Amino acid sequence: NFHVEGRFNMDHVSFALTNFEINAINGPALRIYPLQQTVAMDSTFDIYLFAEEVPNLAGMQVEFNFDSNYMTYEGWSKGSSITGYDDLNIFPEPVVSDGSILMSGVVAGSGLPETSEVLKLTFTYVGTELGSTEISIDLTGCGSNGSTSSDCNTYLRDIINQPIQVTSGISGMI
């Protein structure tokens, strides 16, 4: 919502209101939210994975990469789009290695809506207090130009097990 108030000679006041929506994500895509946040040393923070414009998401494998010198992985939970469904069970325990998390899973039933908060990851910032350090979490699966790379570890599947091409992956910055 965008509100504007205009005045002329302090007597004449007029108002205008317009509504608009910005959709900067062209799907099907995966996105991390928030893209940027400020965290204190030794504090935990959450990032969320959203599937954008992915109709009937039913299966996935997503790899997250992060700098383990600055942050440690604490755990995960289902995203808000999934917690409301009792019949949805997604993600066996993730495969965690130094600086990488590989999550795989399936969704029962008719799949998730086109845009869904799929999961929440919790990290602890363990970097240095000297200066500001930007650390990023990225989704593998898309090359630097937005095309799928040959060694990607991010895949999506629809409710009839057909692959859904990931057209873009968004990096997050802490």
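The values are calculated or read from the model by the stated rules, or taken from the named source; none is laboratory data. Keep in mind that this is a model prediction, so the values were computed, not measured. Areas reflect the complete protein model, heavy atoms only, side chains present, ligands, DNA and RNA absent. Shrake-Rupley method; radii C 1.70, N 1.55, O 1.52, S 1.80 Å.
What ranking of Phe50, Phe2 comes out by heavy-atom accessible area, probe 1.4 Å, highest first?
If we order Phe50, Phe2 from most to least accessible, we get Phe2, Phe50.
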Problem set entry | Probe 1.4 Å - accessible area at Tyr73, Å² to nearest ten | 50
